[in-house]
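These notes concern the structure reproduced below.
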Amino acid sequence: MAMSLDLTDDQTRARVSAVASSRAAPDKPNLINMDRAEMAAALIETGVPEKQARMRVSQLWQWIYVRGHDNFDAMSNLGKDLRLRLAEKFTLARPEIVEEQISDDGTRKWLFRFPARGAGQPVEIETVYIPEEDRGTLCISSQVGCTLTCTFCHTGTQKLVRNLTSEEILMQLIVARERLGDFPGKDAPQGTFVPTGERKVTNIVMMGMGEPLYNFENVKKALLIASDGDGLSLSKRRITLSTSGVVPEIYRTGDEIACMLAISLHATNDELRDEIVPINRKYPIEKLLQACRDYPGVSNARRITFEYVMLKGVNDSLQDAKELVRLLKGIPAKINLIPFNPWPGSRYECSDWDQIEKFADFVNANGYASPIRKPRGRDILAACGQLKSESERMRIKDRQALEALEATRAMVAGHGEA
Ligand code: SAH
Ligand code: SF4
């Protein structure tokens, strides 16, 4: 995708549609919040004989996760009586979609509203879908805001409001699949770019708002349901959890979730990392890398991704590239270079394109794949680190400032995003 300078036009072209909130969740437990054991117990409580519970769970699992149904009425093999009892006690209601935006490059961003929990207010979070020829990646949020304060991250400027529940984490996947026509018998929406394969969402990355390892139990539960072979059945090799480096939970992730791991490294020495990724003060680089070396199943076929945001004059010298190669020696790794995405008020600039390429070439020449992540969906502010909820949505003026900044940067750098 070439980065055009007419961002204002791009933005106008981004289709913005408020989606009706007719399916806002009623006050009943949602079956989507339950793992198999919990669902069996809930069914028994509604009168399903114990002997049948397992079979009923499998049937429900098929309807809910394979076929994407949200209506008990249509579940023909359950028997009318049971369907009525289920509808009385439980729900499969989806969250409200406040906004759906579709970028010129096919990237989609949804703003979801989840109901208040306890004494809190309703919350809003963003989920992003990034289609490519051969894959479609869904970037899922785990928290509203973040307790960490990485200095280059927009989410880091928002205080943690609350953790998302496992239901809310899974719903992002289910509703995205619904909107993309990604359940059997449903057609993909016309007119936007989607991958050519049978599935529209082939991969998920926990790289949206929040630090997933500070919401471990809910993330674990959601990911285990997402990877259950009889349901949504995403392979664990296609699920990547990104962390800023919560070392004890990296060990738990390996043992209890066993998905792919991405580490937001961003600096090659503790002094700089302490500043830009402050959790480093608690878990410094050497401890973090040891957790990576110890991660179960790491091999050349299952490499750890190291994310490295390119900040001009901060971490982008060839000396940094050398240090990076030295640090990662012996770890099967892939290095994702992320051009910094600016946001209003951010104190950094993205490295010059030439410098990013030199950095990438050096790392490549030393044996590490180092793809430069293409910024996607910039016209709808869907890129890494630009996610923030409605409560602090950018004002038009700020957006215009951002666009002007982007246009200037693109012009000066004189590069595309081919
Ligand atoms: N909290 C987790 C996951 C969410 S952030 C983590 O930090 O890993 C997902 C990725 O986007 C991280 O690598 C993060 O460092 C990066 N990121 C954050 N803000 C960014 C920005 N403004 N430009 C580019 N990448 C950014
Ligand atoms: Fe939180 Fe990740 Fe942003 Fe850091 S980069 S503030 S950990 S969301």
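Coordinate-derived values only; no laboratory data. All of these numbers come straight from a predicted model, not from anything done at the bench. Heads up, the Cβs are rebuilt from the backbone with ideal geometry, glycines too, and the neighbour counts pull from every protein chain shown.
Note: relative contact order over segment 60-199, using C-alpha pairs below 8 Å and six or more positions apart, is 18 percent.
If I take all pairs of Cα atoms in segment 96-380, what percentage of them are more than 26 Å from each other? Write down the numbers at each step before the final one.
Numbers: 17657 of 40470 pairs.
It works out to 44 percent of all Cα pairs.
Using R0 = 22 Å, the C-beta based FRET efficiency linking residue 334 and residue 312 works out to 0.40.
What percent do you get for the relative contact order of segment 28-92 when only Cα pairs under 8 Å and 6+ apart count? Taking the mean separation of contacting Cα pairs over the length of segment 28-92, I get 45 percent. Taking every alpha-carbon pair in segment 240-313 and binning the separations at 10 Å intervals from zero gives 20, 53, 24, 3 percent. Pairwise Cα distances in segment 68-136 exceed 18 Å for 61 percent of all pairs.
First select every other residue whose beta carbon is under 12 angstrom from the beta carbon of residue 286; then total the charges, Lys and Arg +1, Asp and Glu -1. Show your work: numbers first, answer last.
Details: positive: 273, 287, 293; negative: 270.
Spelling it out: positives minus negatives among the neighbours equals +2.
The distance from the alpha carbon centre of segment 326-351 to that of segment 143-170 is 20 Å, rounded to a whole number.
Dividing the radius of gyration of the alpha carbons in segment 78-186 by their Kirkwood radius gives 1.04 for Rg/Rh. Taking the centroid of alpha carbons for each part, segment 199-262 and segment 84-133 are 19 Å apart.
In the calculated pair-distance distribution of segment 18-128, the portion above 18 angstrom amounts to 57 percent of the Cα-Cα pairs.
Placing R0 at 22 angstrom, the Cβ-Cβ distance between residue 319 and residue 287 gives a FRET efficiency of 0.40 after rounding to 0.05. If you take the square roots of the eigenvalues of the alpha-carbon gyration tensor of segment 89-128 and sort them as a ≥ b ≥ c, do you get rounded (a/c under 1.5), prolate (a/b over b/c) or oblate? Note, shape of segment 89-128 comes out oblate. Summary value for segment 96-380: 15 percent relative contact order, contacts being C-alpha pairs under 8 angstrom separated by 6+ residues.
Using only the Cα atoms of segment 123-199, build the gyration tensor, take square roots of its eigenvalues as a ≥ b ≥ c, and label the shape rounded, prolate or oblate: rounded if a/c is under 1.5, else prolate if a/b is larger than b/c, else oblate.
Values: a/c = 3.32, a/b = 1.96, b/c = 1.69.
It is prolate, given that a/c is not under 1.5 and a/b is the larger ratio.
Which pairs, out of 312/374; 51/80; 109/358; 334/358; 80/186, put more than 21 Å between their alpha-carbon atoms? Flagged as over cut-off: 109/358; 80/186. Using only Cα coordinates, the Kirkwood hydrodynamic radius of segment 28-92 works out to 11.5 Å.
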